[in-house]
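Colleague: This is the structure I have questions about; it appears just below.
The values are calculated or read from the model by the stated rules, or taken from the named source; none is laboratory data. All of these numbers come straight from a predicted model, not from anything done at the bench. Note that we place each Cβ from the backbone using ideal geometry, even for glycine, and neighbour counts take in every protein chain shown. Note: areas computed on protein heavy atoms with side chains; ligands, DNA, RNA excluded. Shrake-Rupley method; radii C 1.70, N 1.55, O 1.52, S 1.80 Å.
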Amino acid sequence: MTIRKPLKGKVALVMGVASEESIAWAIAQELTRQGARVILGYQFRFHSRIMQLAPTLPHLISYGRCDVLKDDEVKDFFATIDVPIDIVIHAIAFAPARAFEHRVVRTKDEDFATAMLTSAHSLAKLMNAARKHMPEGGSVITLSYLGGVRVAANYKVMGVAKAALEAYVRELAVDLGPQGIRVNAISAGPIRTLAASGIPDMDRLLEWNREVSPMRRDVTQADVAHCAAFLGSDGAQMITGQTIYVDGGYSIIGVPRTP
Ligand code: NAD
């Protein structure tokens, strides 16, 4: 059987691997399977995990620490990249636990700032550095959630950050389009990961999505990774500025059938 390698010859920068459960890890693996070579950028607190995972990725080019809130680290990381990049995966989000504990009206300035800088503005910041390494253009994919367009229980300030992220996707698509760079978001259904464990009542959320979504099952990291690989491929050349839902159809439901 011939294995199709639609991403052969492409280089992907993947940001946001923290564990084997990370969506970014599934994406890195799928991009590799489809022929891409990968560069990993990670937060130093996950260094030991990355040391275990990185060597299992065939054709890995390099990996380096890159905290998006530390300008020097971002600069140093991009200075080590000496191959043209075709695909950028931005799978980064964070808000302090306190922001999920209180009512939304009590969101503190510093928690709002952390959530927005890490989860939304970092896309623009990374792209300002990455675009100089993308002479042939390419595809940028970030990860969003339904909470950016509708209220999702317990998502709070992160819903505000995802709304900003999706607005950034449109703004950056227009800004970078003339350079041949496409920018899209995948809005994924809930998946059990490290970041998701910070959202209170995640079990109930997963159960509800399973019961109500047309596809009647959990979304997996692999489901998201397949979509990311497509968006990174030349088959998606005229898709930009979009938020594409990989949620088993959950987002189309208004009034669900009683399970
Ligand atoms: P994860 O915890 O595996 O990944 C989150 C990543 O963000 C980690 O790798 C972490 O190191 C990184 N990060 C946080 N602050 C950073 C900083 N200052 N600098 C650099 N990196 C930083 O969890 P995940 O669920 O795989 O999350 C990836 C993305 O997918 C996030 O944007 C998340 O909001 C989004 N998403 C997740 C779900 C879900 O249910 N898990 C659903 C929709 C969207």
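Colleague: From A185, A167, grab the single residue that is crowded, with 16+ Cβ neighbours inside 10 Å and within 16 Å of L143 (Cα to Cα).
Modeller: A185
Colleague: Also, quick follow-up: If I filter the range 69-90 for residues that are among the acidic types (D, E), within 10 Å of the ligand (Cβ to nearest atom) and modelled with pLDDT of 95 or more, do I get at least one hit?
Modeller: Scanning the range 69-90, I find at least one residue that is among the acidic types (D, E), within 10 Å of the ligand (Cβ to nearest atom) and modelled with pLDDT of 95 or more, so the answer is yes.
Colleague: Also, quick follow-up: So which of I186, I239 ends up being of a type in the set (A, V, I, L, M), touching a Lys or Arg at 6+ places or on another chain (Cβ under 9 Å) and not in a helix (DSSP H, G or I)?
Modeller: I239
Colleague: Right, another one. Out of the residues in the range 195-224 meeting the condition of being of a type in the set (S, T, N, Q) and either in a helix (DSSP H, G or I) or more than 19 Å from A18 (Cβ to Cβ) (or both), tell me which one is farthest from the ligand (Cβ to nearest atom).
Modeller: Applying the filter and picking the extreme gives S213.
Colleague: Go through R106, R192 for me and flag whichever is open to solvent by 10 Å² or more (accessible area, probe 1.4 Å) and more than 10 Å from the ligand (Cβ to nearest atom).
Modeller: Testing whether each residue is open to solvent by 10 Å² or more (accessible area, probe 1.4 Å) and more than 10 Å from the ligand (Cβ to nearest atom) leaves just R106.
Colleague: Determine whether E166 is within 12 Å of the ligand (Cβ to nearest atom) and either closer than 16 Å to V224 by Cβ or assigned to a helix (DSSP H, G or I) (or both).
Modeller: Yes.
Colleague: Against the definition (over 21 Å from G148 (Cβ atoms), touching a helix residue (DSSP H, G or I) at 6+ places or on another chain (Cβ under 8 Å), open to solvent by less than 90 Å² (accessible area, probe 1.4 Å) and free of Cβ contacts under 8 Å to residues at least 40 places away in the same chain), how does G35 come out, yes or no?
Modeller: Here the answer is no, as G35 does not meet what is asked.
Colleague: Here is a follow-up. If we scan the range 248-257, do we find a residue that is of a type in the set (S, T, N, Q) and crowded, with 17+ Cβ neighbours inside 10 Å?
Modeller: No: zero hits.
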